[in-house]
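Reading through the structure tokens given below for one structure.
Each value in this text was obtained by applying a stated rule to the coordinates, not by laboratory testing. Please read all numbers here as calculations on a predicted model, not as lab measurements. We place every Cβ from the backbone using ideal geometry, glycine too, and count neighbours over all the protein chains shown.
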2 protein chains.
Amino acid sequence: MLTPIRKGSDYHHGDLRDAVIQVARDLIANEGVSALGIRRVALRINVTPAALYRHFQSLEQLRGEVSGRVRNEMAEMMIIAREKVGPASLSKTRSRARFAAIGDAYVAYARKFPRLFEIAFLTCDALPETEESLAWRTLEESLEELIKSGLLERRKSMKAATLAWSSIHGLASLVASQTISNKEYPVFRKSVLDGVQDAVFAR
Amino acid sequence: MLTPIRKGSDYHHGDLRDAVIQVARDLIANEGVSALGIRRVALRINVTPAALYRHFQSLEQLRGEVSGRVRNEMAEMMIIAREKVGPASLSKTRSRARFAAIGDAYVAYARKFPRLFEIAFLTCDALPETEESLAWRTLEESLEELIKSGLLERRKSMKAATLAWSSIHGLASLVASQTISNKEYPVFRKSVLDGVQDAVFAR
DNA sequence: AATGGGTGTTAACATTGTTTACATTATTGC
DNA sequence: GCAATAATGTAAACAATGTTAACACCCATT
């Protein structure tokens, strides 16, 4: 099945909902979260505003859906970056590099798409089913690799995860909100990475 | 001068702008950032919507103004918490306690007013004159105390500041966005505090 | 082939941010 | 003191928004 985007006639779109989320995502990425609107999205898809209400209960729910998709997108970027360094295979340097890669990918996303990072962690009144975060699971996998390669003691693992998560997220958030500028970024980055490594790896 | 809030007649409010920011702040604190609106604020102050345009160019600018006020409010909370432990006076334990106090106050604010913390670090298209952050200056003062009391080497000071700032902010942000729940919070808190102290204080 | 559920349209409504023209108060210069 | 002027409020209108209700069309199942 070639999953035709459109059926014969174009009265029915064929795959609204996905198209809506896609367009909404791009709208936010380019013009900020306040640029998201039912009518603006509808206009870009050449569809009537009311059509969107067949797939979303409200603008607020659409925002929540976009937020969820962005969180997944982030996690996928992290996984891709991790796989790029090659398999862990109990190698200390590999495991370490993979761990660093997912952290870097996290803040890289925030730097590249600050507006999307913003909505990913915005309190949404109507959020989709709160599945366990893929990003968090990825972090846990990485720590497991570090344990198995002998770089991290298991009893330190929880502390490592929470500190890494917090500080990396803080760095990403400060960058995305332009609280720290591009010029200040490198020194922040180095401090955070060193701090995390000191806490994670036994010395 | 007793700075009368209202003059004789009530055609002129006397101190709009401040009243507007105040009401806007409370509106966001209670109902979220999307609850902020020109007309809703005007209604609560018993003033015509157009009156607000004598003091703010747009809703966006008002949001920026509120954001700035909240950032100041946070810094004031930090300073109050710090002064509560008493003067540093070259005492190691005092300096250390004061340092911990400002960090705790930071995330305490995010826990108490998550919606306000949210807008404080939201990218605003129109932000007020970008004064140097009071919170950041407070952090620098605290580190200076640590240096003078012999707990921190000066060459480590920049790294300490940036790591502390990032990880504390990350913790606060994750809490405010409900990414981590109240139940998970304590273990996160402990990890971050330990991590910061390990990095800041020579061992 | 008929029917019914899914999906889109049309038209309307209330509410919003914003502007323009006007009214009232406060302040300043003589 | 008092007129001129700036500052600050109101009133009415406009375009754009989220949302809903009634209707139209398509597709799949019987």
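Residue by residue along B:156-163, Cβ atoms of other protein chains within 10 Å of the local Cβ number 5 on average.
For chain B, modelled as a Gaussian network with Cα springs under 10 Å, which listed residue fluctuates most, B:167, B:181, B:157? Answer for the Gaussian network model of chain B: B:181. Per residue, the average separation of C-alpha pairs within less than 8 Å and at least 6 apart gives chain A a relative contact order of 19 percent. Across segment A:13-56, Cα pairs under 8 Å and at least six residues apart give a relative contact order of 39 percent. Using only side-chain charges placed at the Cβ, +1 for Lys and Arg and -1 for Asp and Glu, the dipole size of the protein assembly as shown relative to its Cα centre rounds to 760 debye. For the peptide A:189-195, the mean number of other protein chain Cβ atoms found within 10 angstrom of a residue's Cβ is 6.
What shape does segment B:87-137 take by its C-alpha gyration tensor, where a ≥ b ≥ c are the square roots of the eigenvalues and a/c under 1.5 counts as rounded, a/b above b/c as prolate, and the rest as oblate? Oblate, because a/c is 1.5 or more while a/b does not exceed b/c.
Among B:109, B:152, B:177, whose Cα projects farthest towards the positive end of the dipole of segment B:69-200, with charges put on the beta-carbon of Lys, Arg (+1) and Asp, Glu (-1)? Highest projection toward the positive end goes to B:152. Take residue A:86, move 7 Å from Cα toward the beta carbon, and the resulting point lies 5.8 nm from the same point in each other copy, nearest first. Across the identical copies, the 7 Å label point of residue B:10, projected outward along Cα→Cβ, sits 5.8 nm from its counterparts, in ascending order.
Farthest toward the positive end of the dipole of chain A, out of A:52, A:139, A:95, is the Cα of A:95, where the dipole comes from beta carbon charges about the Cα centre. Projected label points at residue A:46 and residue B:155, each 7 Å from Cα along the beta carbon direction, are separated by 6.6 nanometres. Applying 1/(1 + (r/R0)^6) with R0 = 60 Å to the Cβ-Cβ distance of residue B:15 and residue A:15, what FRET efficiency is obtained, to the nearest 0.05? The pair residue B:15/residue A:15 has a calculated efficiency of 0.65. Remark: mean inter-chain Cβ contacts per residue of A:168-179 equal 6, using a 10 Å Cβ-Cβ cutoff to other protein chain atoms.
Of all chain B C-beta atoms, the nearest to the rotation axis linking B with A is recorded, alongside its rounded Å distance, as B:170, 1. Inter-copy label distances for residue A:153: 2.4 nm (label point placed 7 Å from Cα along Cα→Cβ; shortest first).
Put a dot 7 Å past the Cα of residue B:26, heading toward its Cβ, do the same for residue A:141, and the two dots end up 5.0 nm apart.
Legend: helices of chain B (whole DSSP H runs) are marked when their alpha-carbon atoms reach 15 angstrom or more along the helix axis and their mean Kyte-Doolittle hydropathy is at least -1.0; marked are B:18-31, B:59-84, B:92-112, B:134-148, B:157-176, B:185-200. Treating r as the C-beta distance of residue B:92 and residue B:178 and R0 as 51 Å, the FRET efficiency rounds to 0.85.
If you take the alpha carbon atoms of the protein assembly as shown and fit the smallest convex hull around them, that volume is 172 Å³ per residue.
Restricting segment A:124-183 to trypsin sites (Lys or Arg not before Pro) that sit in a DSSP loop and have at most 13 other Cβ atoms within 10 Å of their own Cβ leaves A:183.
The alpha-carbon of residue B:92 sits under 13 angstrom from the alpha-carbons of these aspartates and glutamates, leaving out residues fewer than 8 places away in its chain: B:144, B:145. Rounded to the nearest 20, the Cβ-based charge dipole of chain B about its Cα centre (Lys and Arg +1, Asp and Glu -1) stands at 520 debye.
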